[in-house]
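**Q** This is the structure, below, for whatever I ask next.
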Amino acid sequence: MSRLQTRFEALKKSGRKALIPFITAGDPFPEFTVPMLHAMVEAGVDVIELGVPFSDPMADGPVIQRASERALEHHVGLRKVLAMVAEFRRQDQTTPVVLMGYLNPIEIMGYEDFANAASRAEVDGVLTVDLPPEEAHDCVALLKSRDIDQIFLLAPNSPAERVEKMDQVGSGYLYYVSLKGVTGAGHLDTADVEQKMAMIKQHTRLPVGVGFGVKDAETARVLSRLADGVVVGSALISKIEANLDNPEQAKAEIVDLLASMRHAMDSQD
């Protein structure tokens, strides 16, 4: 059983929901990332999405685009990200880590070489923004044979048939993008999310995490009542960007926000 499946099943048994932070590996500099991952775990997160820096992050808004630019200035590519996961694993053998990014770096490395390297680093899942399930079979097979989950993105306009396709091909969890557009954009309509989640749940056996537009503890609390997990990214990276000259302050603010989300999500009201 994969770490992701183990984690989501344990959460379900305890009546809790997954808190899933996203940060970009290497932002604002490489040495910041692994200590930040450990600090987030201490703040109560359940699964970590670690962004692979990319020069053309078309699905990301300005905040995450700039995070990629800062990481790339330090020459943080896919192999260095995998090395960070391996370093994280020296102290943490239980928290699932999902690499989130784009297909191009994987294609450059080669699917099989990537699958082998990800397995050695003990990566648990891969979310490739621009790899649709119809084109993912080769990659899925290589990852699945190494107990690595391929995770897919669902959009607000994804029909039931699309959900079923991703359920068949994917594993780990589905990531429902609750807003149209790029990361960090727009205002979250929780009533719309509730309606969409009801449909999604009818067509998948997988846990569903909701992301895009999660900025504070109250939003995390509301969404945790609707989904199996809550993903927060831009709100965290904004704190890094606001404290580029004081990374310890950025870390402290991220920990505080995640801890407040954890508390709100676990509240009984």
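**Q** For the range 201-247, which positions are crowded, with 19+ Cβ neighbours inside 10 Å, at pLDDT below 95 and acidic (Asp, Glu)?
**A** none
**Q** Does VAL85 fit the bill of being in a strand (DSSP E or B), in contact (Cβ under 8 Å) with a residue 12 or more places away in the chain, closer than 23 Å to SER171 by Cα and of a type in the set (Val, Ile, Thr)?
**A** no
**Q** Follow-up question, since we're still on this one. Considering (1) part of a loop (DSSP other than H, G, I, E, B); (2) touching a residue at least 40 places away in the same chain (Cβ under 8 Å); (3) under 20 Å from the mean Cα position of the chain (by Cα), say which one ILE64 fails and leave the rest.
**A** Only one criterion is unmet by ILE64, namely (1).
**Q** For the range 22-44, how many residues meet the condition of being under 14 Å from LEU236 (Cβ atoms), buried (at least 21 other Cβ atoms within 10 Å of the Cβ) and in contact with a Pro (Cβ under 8 Å, 6 or more places away or on another chain)?
**A** Number satisfying all stated conditions: 5.
**Q** Which numbered condition trips up LEU99, out of (1) more than 19 Å from VAL34 (Cβ to Cβ); (2) not in a helix (DSSP H, G or I)?
**A** (1)
The values are calculated or read from the model by the stated rules, or taken from the named source; none is laboratory data. Here the structure is a predicted model, which means the values were calculated and not measured. Cβ atoms come from the backbone with ideal geometry, glycine included; neighbour counts cover every protein chain shown.
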